[in-house]
2 protein chains.
Amino acid sequence: MMAFSGWGYPGSAFDASDKPALWELIHRKMGCGPADRAPPAEFAAIQVPEPRADAGSVAALRALLGGEHVALDRETRLLHGMGKSYRDLLRARAGRPGRVPDVVVFPESTVQVADIVSLARARKFAIIPFGGGTNIVGGVEPSPALAAPVVTVSLRRMNRLVSLDEVSGTATIEAGALGPEIEQALNGRGYTLGHFPDSFLHSTLGGWLATRSAGMQSDARGKIEDMVVSLKIVTPVGMLATRVAARSATGPDLNQIVVGSEGTVGIITEATMTVHRRGVQAYHGVLMPDFRSGVELMRRCSREDSAPSTMRLSNAEETELGLTLKPPGGPGARAFKAMVKAYLRRVRGFNLGEACLLILGWEGSAGDVGRRRARSLAIARGLNGFSLGESAGNAWFDRKYDYPLLRDLVMEHGGMVDVTEATVTWRDAMATYERVHGAMHRELCREAFPGYVGCHLSHAYETGVCIYFTFAAARAKGAEMEQYLRAKALSVELLLGAGASLSHHHSIGYEHLPWMEDYVGPAGMAALRGLKAALDPGNICNPGKLLPSAESALGQYWPGYPAGVGAGRAP
Amino acid sequence: MMAFSGWGYPGSAFDASDKPALWELIHRKMGCGPADRAPPAEFAAIQVPEPRADAGSVAALRALLGGEHVALDRETRLLHGMGKSYRDLLRARAGRPGRVPDVVVFPESTVQVADIVSLARARKFAIIPFGGGTNIVGGVEPSPALAAPVVTVSLRRMNRLVSLDEVSGTATIEAGALGPEIEQALNGRGYTLGHFPDSFLHSTLGGWLATRSAGMQSDARGKIEDMVVSLKIVTPVGMLATRVAARSATGPDLNQIVVGSEGTVGIITEATMTVHRRGVQAYHGVLMPDFRSGVELMRRCSREDSAPSTMRLSNAEETELGLTLKPPGGPGARAFKAMVKAYLRRVRGFNLGEACLLILGWEGSAGDVGRRRARSLAIARGLNGFSLGESAGNAWFDRKYDYPLLRDLVMEHGGMVDVTEATVTWRDAMATYERVHGAMHRELCREAFPGYVGCHLSHAYETGVCIYFTFAAARAKGAEMEQYLRAKALSVELLLGAGASLSHHHSIGYEHLPWMEDYVGPAGMAALRGLKAALDPGNICNPGKLLPSAESALGQYWPGYPAGVGAGRAP
């Protein structure tokens, strides 16, 4: 299990001791420094109420699963009570986790999950599926408005590779398998799933499917919904097992109804996924003169048959942050760097304060990787991009899973930091970036400290791209949650106002609920509510998530909803 | 409008006069010849009952649309009463079309469609959307079990290119636009949608979306559901307009709920689609030693980054049919052909009776087409494929839209001919082919005539492929429909029994309804019925289609259902 009040396994931390430039940047942007310390509450001291579950239900669960797989202890309940959003960590660090599940159970098979769901329906307790606990939209948290007992169903014992069909290129995998477990099992047979979200180390196949996850090679492989061939989900009205068909014309796509359902219609227990022979990989860094030229490069590459597998363009602020994560080199390295800078300024006409790092990655056969790399880099050169070579690409690759630990560091030293992401069309990408970037700085600015508004574009498609903002500032002492809610709501509303989607890969949970009805519209909501009612007539599956309802406790999560939310919508 | 009792515009016909080998094949397989004639009933003599629509509804429709866009005449109602399946044409040719719509209306805008749907809800008449009328699963036919009046809504006036976003590579197109209208509008701006189903000349964007259509370049572009970015559908509970986002994580995918809904939850009025700059195209024919090696070639190519845009493998019977469609050449051509045959037999070890034609096509930039072509042909050579060059590819390309006219010719001369298609995994493709091919021949064989069972694989994906059977025999006089139903049911059940899907791109309509509940399962049906009830609470949208219900009149379309259907399921 991950730590209670931070990312990663207990004891993991971001090593900032050898990165003076990082501290300099944090202080310049936010006013926080290494001396500011805001340590979390002691885990052992956090109290939780007695479980609400009745003795009969607990006995029945123990009879189904064995006593050792039914947990009622304080620690297990706390560790399964929240995900890892800023809001979650703020509450965890304060020692006020909110409602936690009454029971946590650990089934080992689809049959056991079906038994749990039947029991839940008969005894009217709520069930919340739990994978790795990395959710950052409140997806795994029991609603405080819920009168019924809550049983969280951890899929972590269901982590097997069930079968591999090498002829068809598919693997059937249990939903509780973590990213590294999946890759280890497949790599041993020469295959890869190729899904590497930022949460890869700690998240599961079932969680990816439930939230429409995106991995860093999505430009080649698509999002998780593009990789799924079929799946099994246990719903309160029975098991739905979709057919193993690449495509079909048999009505609405049931896979695409289940994917993204966030636990609200049942528990996904396994899926058959497209897998590939492992190939070679190469990553490359390119410095673009500005964000606009980087956007144009990504757009052009996304139209090519030879598109990269990964493209990730950082704005100037995120580029600067990335540079601070490298320990300072010796005098020789500094002299070389100065020479390169002078070249870029004088010969290539760069304004270095505007330069943007672009990571390009390719995965496949050696021949294909070589060809596609040459093609992408030629396009980059045509747009005055400066190649930083493989070392810059590999440096990014090596630290790609560390950013959540950097968030912990910032929180530990008095900072607020959160993210907002959405999909924009290529046409709208640049204007949306400029509008949100400027408005978020105005929102975050505190006296001499402008705040941090990093942005990257990643996950490119032919018609658009994911735009991802990371915003940070010093915490407003005594008004931490208000400060956060205001900034988060503003970022979402700026994106929606610019025609972007409500989320590209983080999903809805509680965090994006205030905008869901507006976003989907009345007929769309009728469809989604109709689906929910048909599959979960007793409303026992993750009540209150995804679709606003009485159980959503929106007044608690978004004080003033609906009147307050929306007030920040920029002109 | 297409002709009443056949494919294509009135007067179009397949020219068989210069193809003696075609007649020879038809006679050898089915016992039919040019002298057998079974002309259709005279169109002018076919009677239809008075329209059931009440005067108030008709007056209201006329007020909404203008009198000239509300048709109650015999001819218009007949022409909008059926699609073009064998079952449809059998009834059309016999002059017994079954129930036809009571009114046919021609709206010109989404607003007018919304007005029609509101009126339908208030006055309780049923509505059926109608595009080009090419449906072959009974999708546009009013149910005879329906007491309510039926208003068919033709989208044919809504055929405009609304807008083109060249930066994002999307086009917004009205749902009633025919294939050639779409391509003409886009080609004029340098773009293409790239969706070319066999029905291309006569089918519409809305019909493609409603049925999950697949075009011949699907290996590169995907099916229509892969090309849609957003859409508008008018449902009885309001308009659902999905967002223009390449991907999102905002719950179940509403696009994928609407696509494939076959008119049962509303009327699709427009869609924003991914479009591409027009490139060059090349088609090539390859002769493979047998079906198995062709399957292996397609499977390998589907895993390549350099996959062709089109792959279509014919079995030996379909390959033989294809050869008969070329008028016989002079003595020189015949001598050259004999030489090639001798080479294939002696040097390459072909058994010519087993050889299978494979069409490969590439579309894109000239450089990409060249590179991908070289790669595909190298794989073909490695599997002992013999290149027939571009002329064989172009010959197929030139006649690709003519096969429905060949069906008309066979029907005119006393034959039964229909098709069945499904998706199989690569692992199952060969065994499924052999099983269905053998069993269908046993079913169709009449005395000395073995029947015709052509098969092709087309629409390849990484994990599987569409398998498409065309089966034909002489009509069983006096038991035409029974003969057809038996053969059709057998083919479907053989495919389902082999783990294939119920349809890859033809959809469900009435034709695949008997198997829908089994195929989707109880929880899947609960989801689909929940959606239907939520969006169409009055059941006014194409009642009885897609989801079995009292309005499906299954006893009429599938006599003996459910007991009879399933009896043919092979061991």
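The values are calculated or read from the model by the stated rules, or taken from the named source; none is laboratory data. As the structure is a computational prediction, the values presented were derived from the model and not from experiment. Positions of Cβ are generated from backbone atoms using ideal geometry, with glycine treated the same way; all protein chains shown enter the neighbour counts.
Tell me which residues, restricted to region B:218-263, are under 21 Å from the mean Cα position of the chain (by Cα), at the interface with chain A (Cβ under 7 Å from one of its Cβ atoms) and among the β-branched types (Val, Ile, Thr). Within region B:218-263, B:ILE257 is the sole residue that qualifies. If you go through region A:400-422 and keep only what is surrounded by fewer than 22 Cβ atoms within 10 Å (Cβ to Cβ), under 18 Å from A:MET440 (Cβ atoms) and acidic (Asp, Glu), you end up with just A:ASP418. Has region A:201-217 got at least one residue that is within 7 Å of chain B (Cβ to nearest Cβ) and either among the small types (Gly, Ala, Ser) or touching a helix residue (DSSP H, G or I) at 6+ places or on another chain (Cβ under 8 Å) (or both)? Yes, the conditions are met somewhere in region A:201-217.
Condition first: in a strand (DSSP E or B) and over 25 Å from B:SER503 (Cβ atoms). Now tell me which residues in region B:381-432 satisfy that. Lay out the reasoning, then the answer.
In the first step, residues of region B:381-432 are kept if they are in a strand (DSSP E or B); the result is B:386-388, B:415-425.
Within region B:381-432, B:PHE386, B:SER387, B:LEU388 qualify.
One residue stands out in region B:519-539 among those that are touching a helix residue (DSSP H, G or I) at 6+ places or on another chain (Cβ under 8 Å) and more than 15 Å from A:ASP253 (Cα to Cα): the one that is nearest to the other protein chains (Cβ to nearest Cβ), namely B:ALA534.
Regarding A:TYR461, is this residue within 8 Å of chain B (Cβ to nearest Cβ), touching a Lys or Arg at 6+ places or on another chain (Cβ under 8 Å), at pLDDT 95 or above and surrounded by fewer than 21 Cβ atoms within 10 Å (Cβ to Cβ)?
Numbers: within 8 Å of chain B (Cβ to nearest Cβ): yes; touching a Lys or Arg at 6+ places or on another chain (Cβ under 8 Å): yes; at pLDDT 95 or above: yes; surrounded by fewer than 21 Cβ atoms within 10 Å (Cβ to Cβ): no.
In short, no.
Selection of first residues in region B:474-488 that are outside the structural domain of B:ARG91 (by TED's automatic domain parsing) and of second residues that are surrounded by fewer than 18 Cβ atoms within 10 Å (Cβ to Cβ) and in a helix (DSSP H, G or I), restricted to Cβ pairs under 9 Å at least 6 apart or on distinct chains, gives the following pairs, ordered by first then second residue: B:ALA476/B:GLU482; B:GLU480/B:ALA94. So which strands (runs of 3 or more DSSP E) are wholly in region A:122-171 and hold at least 3 residues that are within 23 Å of A:MET227 (Cβ to Cβ)? Output list reads A:161-165. When only residues in region A:353-388 that are loosely packed, with under 14 Cβ neighbours inside 10 Å and within 21 Å of A:ARG292 (Cα to Cα) count, which is nearest to the chain's Cα centre (by Cα)? Across region A:353-388, the extreme among qualifying residues is A:GLY353. Need pairs with beta-carbon distance below 9 Å; first residue assigned to a helix (DSSP H, G or I) and within region A:336-356, second surrounded by 12 or more Cβ atoms within 10 Å (Cβ to Cβ) and among the basic types (Lys, Arg); sequence gap 6+ or separate chains. Going by the 9 Å Cβ cut-off, the qualifying pairs are A:LEU352/A:LYS341; A:LEU352/A:ARG345. Within region A:78-100, is there a residue that is polar (S, T, N, Q), buried (at least 18 other Cβ atoms within 10 Å of the Cβ) and part of a loop (DSSP other than H, G, I, E, B)? For region A:78-100, residues polar (S, T, N, Q), buried (at least 18 other Cβ atoms within 10 Å of the Cβ) and part of a loop (DSSP other than H, G, I, E, B): present. With respect to A:ASP226, is the statement that it is of a type in the set (D, E, K, R) and surrounded by fewer than 23 Cβ atoms within 10 Å (Cβ to Cβ) true? So A:ASP226 fits the description; yes. Close Cβ contacts (under 8 Å, 6 or more residues apart or on different chains) running from residues in region A:29-41 that are part of a loop (DSSP other than H, G, I, E, B) to residues that are of a type outside the set (Asp, Glu) and surrounded by fewer than 16 Cβ atoms within 10 Å (Cβ to Cβ) comprise A:GLY31/A:ARG446; A:GLY31/A:ALA448; A:PRO40/A:ALA94; A:PRO40/A:GLY95; A:ALA41/A:ALA94; A:ALA41/A:GLY95.
Taking the criterion of being hydrophobic (A, V, I, L, M, F, W, C), within 30 Å of A:GLU320 (Cα to Cα) and not in a loop (DSSP other than H, G, I, E, B), would at least one residue in region A:43-54 satisfy it? Give the steps one after another, and end with the answer.
So in region A:43-54, the residues hydrophobic (A, V, I, L, M, F, W, C) come out as A:43-46, A:48, A:53.
Those left that are additionally within 30 Å of A:GLU320 (Cα to Cα): none.
The answer is no, given that none of the residues of region A:43-54 is hydrophobic (A, V, I, L, M, F, W, C), within 30 Å of A:GLU320 (Cα to Cα) and not in a loop (DSSP other than H, G, I, E, B).
Just one of the numbered conditions (1) part of a helix (DSSP H, G or I); (2) of a type outside the set (A, V, I, L, M); (3) modelled with pLDDT of 95 or more is not true of B:ASP219: (3). Looking at B:GLY81, B:GLY98 in this structure, which one is closer than 18 Å to B:ALA145 by Cα, touching a helix residue (DSSP H, G or I) at 6+ places or on another chain (Cβ under 8 Å) and either among the small types (Gly, Ala, Ser) or without any contact (Cβ under 8 Å) to a residue 12 or more places away in the chain (or both)? Checking each option against the conditions leaves just B:GLY98.
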